[in-house]
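Take a look at the structure below.
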Amino acid sequence: MTNTDWLNELVPEVSQGIKTAVMTARGVDPLAVYNGSESVELAEADLYMRMLIMPEFSEGSLSIKYNTSSLEDAANRIYLKYGDERYRSGQATIKRQKL
């Protein structure tokens, strides 16, 4: 299983472009074998924080709405686990990367 496969399992509805950008910003190789490393878990937290600002989506009977407090709590638990500076502010700053 690659890092991309792993994030696809967690949040299949988030675009691959967003997942790749989040991993790249953390220095994670999307095609490397998933190993649960600190940088991979921090990329997961960054993705959760990114999802906080994603709009709700509805089409026909399909509706996607995220529980923002649960996402933020999950991200902050990971940030706290590794002492990441993003925990203090409660807001992730995702660097823009050219792909």
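The values are calculated or read from the model by the stated rules, or taken from the named source; none is laboratory data. What you see is a predicted model, and the numbers here were worked out from it, not measured in a lab. Because the Cβ atoms are built from the backbone with ideal geometry, glycine has one as well, and the counts that use them run over all protein chains shown. Just so you know, the surface numbers come from the protein's heavy atoms only, side chains and all, with ligands and any DNA or RNA stripped out. Shrake-Rupley method; radii C 1.70, N 1.55, O 1.52, S 1.80 Å.
From the helices alone, meaning DSSP H stretches of at least four residues, give me the mean residue ellipticity at 222 nm for the chain, per-run term -39500 (n - 2.57), in deg cm²/dmol to the nearest 500. Can you show the working numbers first?
Numbers: 5 runs with 51 residues, N = 99.
Helix contribution divided over all residues of the chain: -15000 deg cm²/dmol.
Express in Å², to the nearest 10, the accessible area of Asp29 obtained by rolling a 1.4 Å probe over the protein heavy atoms while all chains stay in place.
Accessible area of Asp29: about 80 Å².
Considering the zone a paramagnetic label at Met1 would reach in this model (a point 7 Å from Cα along the Cα-to-Cβ line), which residues of the range 10-24 have amide N under 13 Å from it?
Residues passing the 13 Å test: 10-12.
For Ser61 and Tyr82, calculate 0.36 nm times their separation in residues minus their Cα-Cα distance, and state this gained length in nm to one decimal.
Working: separation 21, 0.36 × 21 = 7.56 nm, distance 3.97 nm.
That pair, Ser61 and Tyr82, stretches by 3.6 nm at full extension.
For the range 1-96, with all protein chains present and a 1.4 Å probe, just round the carbon and sulfur fraction of the accessible area to a whole percent. Don't skip to the answer; put the middle values down first.
On the way: 2870 of 5760 Å².
About 50 percent, which is the carbon plus sulfur part of the accessible surface.
Over the chain, what is the relative contact order in whole percent, taking alpha-carbon pairs under 8 Å and six or more residues apart? Provide the component values of the computation, followed by the final result.
On the way: 100 pairs, mean separation 26.8, N = 99.
This gives 27 percent for the chain.
Per residue, what accessible area does the chain have, given a 1.4 Å probe and all protein chains present, in Å²?
Computed with neighbouring chains in place, this is 62 Å² per residue.
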